[in-house]
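Right, one structure below, let's go through it.
The values are calculated or read from the model by the stated rules, or taken from the named source; none is laboratory data. Given the structure is predicted, the values throughout are model-derived calculations rather than measurements. Using ideal geometry, Cβ is built from the backbone for each residue, glycine included, and neighbour counts are taken over all protein chains shown.
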Amino acid sequence: MSRKQAFQKALEHHLAGRLSDAEAIYQQILKKEPDNADALHLAGVVAHQGGKNQIAVELIRRAISRKPAFPEAYSNLGNVLKAQGEIEAAIGCYREAVALKPDLIGAHNNLGNVLRDLGQLDQAIASYRQALAYKPDHAEAHYNLAIALNDQGNLAEAVVSFRQAIVFKPGVAEQHYHLATALKALGNPDEAISNYRQAIKYQPDYADAYISLGALLQEKGDLAQAIETYQKILSCRPDCAAAYCNLGTTLKDQGKLDQAIAAYRLAIEHKPGLAEAHYNLGNTLQMQGKLAEATQAYLQSLAIKPDFTEAHNNLGNVLQAQGELTAAEIHFKKLLTLNPDNADAYNNLGNVFKHQSLLDEAIACYRKALALKPAFLEAHSNLLYALSSHPNCTHPQYLIEAQLYGEKALARAKPYGSWASHSKDGAPRHLRVGLVSGDLKSHPVGYFIEGILSHLNQNLVELVAYSTKAQEDDLTARIKPLFIAWNSIAGLSDAAAAHKMHEDGIDVLVDLAGHTAFNRLPLFAWKPAPVQVSWLGYFASTGLPSMDFLLADSVSIPDSHRSAFTEKVWYLPDTRLCFTPPAGGDSLAVSPLPAGHNGYITLGCFQTLSKIGDGVLELWGRIFSALPEVRLRLQNRQMSCLTTREQMKSRLARFGIAQERVTLSGPVSRAEYLAAYAEVDMVLDTFPYPGGTTTCEALWMGVPTLTLAGETMLARQGASLLMAAGLSNWVASSAEDYVAKAAAFSLDLPSLSALRARLREQVRTSPLFDAERFARNFEAALLGMWESRRSKSNSGCGVEREKIFLHVGCGPKRKDRTTAGFNNDSWRELRLDINESVNPDIVGTMTDMSGVADESVDAIFSSHNIEHLYPHEVPIALKEFIRVLKPDGILVVTCPDLQSVCALVAEDKLTEPAYTSLAGPIAPIDILYGHRPSMERGNLYMAHRCGFTNKVLIGTLRSCGFASVAAASRGHPFLDLWAVASKSELSHEDLRKLAGEHFPAG
């Protein structure tokens, strides 16, 4: 065999993967020709492929020494050096290779790979493009270029390159997988799903593809297909911990918590070091209320991954829920050291401070969270809750923040404008009432509502529950049969939950949470029901424009305080609340006055720690100073924490209440908690956040509460309860009155003992405990609120319909920035704009409103849009307006008044500011030609291309089909025209009335 034949045979073995056969022939050649550069080079390549990198380096370098202009050898030497971690040397070899042979595709490609690994993406991309310049169909270079572009964040170009790689080398699973991931990031989930499926087709055990596909299906809400996807990979990869972990999350989203926990435990069994599995297990245990187990799961997650920010956050929340406030604070602060801009951490740290009654610190944290994430509605809710209970927060201060919350919630919603009404043939009309709450269980909300629900007339009211939290208990089981349907919306988006409620045909939707935990107030911004009501769980305005009513009584909200609410206050005749006696009722006996055998008075407070501020302790200190023998019993969940108990002792001591006069008790069962009232002679209420449930429970156990009435609804809640219970003399009107009453009641033991003996019977027959009486009042309120809204609907149609106005060119503005005539309950805004970033309901322009149906809107509002059209476009736009307006529809349009502007130009004031807008000073030149600063920034849409005087505007509107038109100029400094036009003929008086409704003053 000749040398040439031997070399050819070696190459055949080499290319076929028979490395030992190839190596043997290369060595035979080298024995005869030790300086054969080609044999040295390829023997080195074989050595590298066999893992003998040092031998490979020596052989290839010998080849180069024999043949210095050997580009292929330099390229392969680069590969070996890269494998040895000698990156800079490898780069040098690749560069030498392409310098010697510019069209050496592999060297360009490999150089790109090394540069990409170093993060030098621009240079890597340049190398891949060089390779493709010489060989446009090189699939590997297209693929590597796509990866680099993807890493650079240039997803659109990455997608193009991934597609090219697939064209030139179809059937490669990895290419489809990465294409799918890029498509997902670009917001193209359907095509991403298709490519994940292609990846799985070409590689049936491709675990990452299955997991990514399942996660995307889960995001789309297709939970059944997601579960099927995870089960498929587990059938061939039963040890795939990541699949078990994702399966658990999907099952959790379905509300199958036990199955989810089982999946997480299997993930941990197969991969104990998977921190995410421990974390998700903790999340699910937390949802089940198994807080101690959840704590251990989070701790295990952090033991594996100490910088796991989400685990620190959720562990802090669980510790907080268990009363371990100091430990919770540590984890939130640790999270902030890891991520100083974490809005969630500030929000949750604020909750810790709130529970410690450190309201100023809590408010500062909530404001920091909102500064980092302005649309963070949960933090805004918490801020409002803290402000509502802050002693120095006034009605106007609170209302400003509440209205801001309402604006944010509305900006994320697309409110419904029509609702189906329900009735049953041959029977009295049923009012379908939805209750939205996370507390339909053993919770203050549950305690207040249980007795009421059982007394509602089912011939008048149908109840539908929308539970925002998965946790249920015995109370839940007792009330569930009282509902015609029970829905969990814990895993649903606001849009999906609102859609469900709208489809259910709810007549009156009642929020029981306000700005408390587990609220779903943002979904109320979608207006899924024609009547929406805030009641029971919160004591201030929600701030939502879509919340129609708030249920109250005249004690909690005096007539003079109604302006503190965005909702209309609907008054119940006796009390806004009715308490359900504890389970066991009279079996829980009222004990004799403990002072009789103790020889001293025991004042009690079983309120949560967050209500016991320094202002409260200061008054208590004055009482204890006046009554040297009295004792204090504090009992709440937070007292289970040793650190918190010590902090409370120190706080009490600062106000003159010595440690030996105080008993601090932690959480116990409800029966034990109620029995503890046997140790209390009377209760001292907190302020400005008084007791609710605790006050009613104390009354049932024969223990009166001394409350201090304040100025806000919250601060007056104690007064409302005691007035309803017939204990008006236990309501103090001032701090001095509070101290004086405490002393007087404490010194009159016979009266206190007599009251204790009769109190249960007194409250049992009072409005505060008379559930049947309250149910009748509640039914009347529901029907009254419904009728007040129904009266605005078309008579007898069964569907309430608000009139719709199309807000053309809305930009970021909302209904409240239109006209007084539109900004009321009679009108619903439909927003149209060309700019999708302002979240319009319809994307379109004045000249193309194809997204709006013919004769579908009652009115159009267009403010300072028409001047941006060319003259020939104006008739096109106005005819579009005519098309979409109903036969009796109206148009309200504003634009610059060129007659007034030209008067200023005639005075040589072309560039002098005429007025100042939100965009800055506006001169006549800006009104004539467009806002100069905006156009300088490239926003050429701000150019003005046509203009109108009063006469020209009226003539233009009439020529385009409007039958009746009225217009007016506001002159200086406004320099604008306002016109109202109707498709149908209107009298002069009707036109004048329309103008009065919509034209601004001045």
(request) Scan the range 65-94 residue by residue and report those that are over 57 Å from the mean Cα position of the chain (by Cα), among the hydrophobic types (A, V, I, L, M, F, W, C) and surrounded by fewer than 20 Cβ atoms within 10 Å (Cβ to Cβ). (result) 69
(message) Condition first: without any contact (Cβ under 8 Å) to a residue 12 or more places away in the chain and closer than 20 Å to residue 218 by Cβ. Can you find one or more residues in the range 274-288 that meet it?
(response) no
(request) For the range 61-91, name all the residues that are free of Cβ contacts under 8 Å to residues at least 12 places away in the same chain and out of contact with any Leu (no Cβ under 6 Å at 6 or more places or on another chain). (result) 65, 68, 85, 86, 88
(message) The conditions are (1) surrounded by 19 or more Cβ atoms within 10 Å (Cβ to Cβ); (2) in contact with a Gly (Cβ under 6 Å, 6 or more places away or on another chain), and residue 393 fails exactly one of them. Which is it?
(response) (2)
(message) For the condition over 24 Å from residue 939 (Cα atoms), out of contact with any His (no Cβ under 8 Å at 6 or more places or on another chain) and surrounded by 15 or more Cβ atoms within 10 Å (Cβ to Cβ), what is the one hit in 833, 854, 858?
(response) 858
(request) Filter the range 603-654 for residues that are small (Gly, Ala, Ser) and either in contact (Cβ under 8 Å) with a residue 60 or more places away in the chain or not assigned by TED's automatic domain parsing to the domain that holds residue 697 (or both) and give the result. (result) 604, 610, 613, 615, 626, 640
(request) Write out, first by first residue and then by second, each pair whose Cβ atoms fall under 8 Å of each other, whose residues are 6+ apart or on separate chains, and whose first residue, in the range 458-471, is basic (Lys, Arg) while the second is surrounded by fewer than 17 Cβ atoms within 10 Å (Cβ to Cβ). (result) 469/518
(message) Just checking, does the range 985-1002 include any residue being buried (at least 19 other Cβ atoms within 10 Å of the Cβ) and within 14 Å of residue 901 (Cβ to Cβ)?
(response) no
(message) Here's a check for you: in the range 334-381, which residue that is touching an Asp or Glu at 6+ places or on another chain (Cβ under 6 Å) and within 25 Å of residue 638 (Cα to Cα) is surrounded by the fewest Cβ atoms within 10 Å (Cβ to Cβ)?
(response) 353
(request) From (1) modelled with pLDDT of 95 or more; (2) more than 24 Å from the chain's Cα centre (by Cα); (3) not assigned by TED's automatic domain parsing to the domain that holds residue 470, pick out the condition that doesn't hold for residue 367. (result) (2)
(request) Would you check if there is a residue in the range 293-301 being surrounded by fewer than 24 Cβ atoms within 10 Å (Cβ to Cβ), closer than 27 Å to residue 403 by Cβ and modelled with pLDDT of 95 or more? (result) no
(request) Taking the options 575, 566, 580, 542, name whichever one is in a loop (DSSP other than H, G, I, E, B) and either within 20 Å of residue 468 (Cβ to Cβ) or of a type in the set (D, E, K, R) (or both). (result) 542
(request) Would you mind telling me which numbered condition in (1) in contact with a Phe, Trp or Tyr (Cβ under 6 Å, 6 or more places away or on another chain); (2) touching a residue at least 40 places away in the same chain (Cβ under 8 Å); (3) among the hydrophobic types (A, V, I, L, M, F, W, C) residue 518 fails? (result) (1)
(message) When the residues of the range 519-539 are narrowed to those that are more than 23 Å from the chain's Cα centre (by Cα) and assigned to a loop (DSSP other than H, G, I, E, B), which ends up surrounded by the most Cβ atoms within 10 Å (Cβ to Cβ)?
(response) 530
(message) Of everything in the range 29-57, what is assigned to a helix (DSSP H, G or I), surrounded by fewer than 16 Cβ atoms within 10 Å (Cβ to Cβ) and over 60 Å from the mean Cα position of the chain (by Cα)? Give them in sequence order.
(response) 31, 32
(request) Test each condition in (1) surrounded by 20 or more Cβ atoms within 10 Å (Cβ to Cβ); (2) more than 29 Å from the chain's Cα centre (by Cα) for residue 434 and report the one that comes out false. (result) (2)
(request) Assess whether residue 954 counts as being assigned to a helix (DSSP H, G or I) and closer than 30 Å to residue 851 by Cα. (result) yes
(message) Quick check on my filter: what residues within the range 132-175 are among the charged types (D, E, K, R), in contact (Cβ under 8 Å) with a residue 12 or more places away in the chain and part of a helix (DSSP H, G or I)?
(response) 140, 151, 163, 174
(request) Just name the residue that is farthest from the chain's Cα centre (by Cα) out of those in the range 743-768 that are charged (D, E, K, R) and under 19 Å from residue 684 (Cα atoms). (result) 748
(message) Show me the helices (runs of 4 or more DSSP H) entirely contained within the range 610-726 in which 3 or more residues are over 40 Å from the mean Cα position of the chain (by Cα) and either surrounded by 17 or more Cβ atoms within 10 Å (Cβ to Cβ) or among the charged types (D, E, K, R) (or both).
(response) 614-626
(request) Consider residue 125 carefully, then state whether it is surrounded by 21 or more Cβ atoms within 10 Å (Cβ to Cβ) and farther than 22 Å from residue 210 by Cα. (result) yes
(message) Whether any residue in the range 967-974 is part of a strand (DSSP E or B), in contact with a Lys or Arg (Cβ under 9 Å, 6 or more places away or on another chain) and either in the same structural domain as residue 846 (by TED's automatic domain parsing) or at pLDDT 90 or above (or both) is what I want to check.
(response) yes
(request) Please state which one of 165, 192, 156 is aliphatic (A, V, I, L, M) and either assigned by TED's automatic domain parsing to the domain that holds residue 495 or within 23 Å of residue 250 (Cβ to Cβ) (or both). (result) 192
(request) All but one of (1) exposed (fewer than 14 other Cβ atoms within 10 Å of the Cβ); (2) of a type in the set (A, V, I, L, M); (3) closer than 28 Å to residue 887 by Cα hold for residue 980, so report the exception by its number. (result) (1)
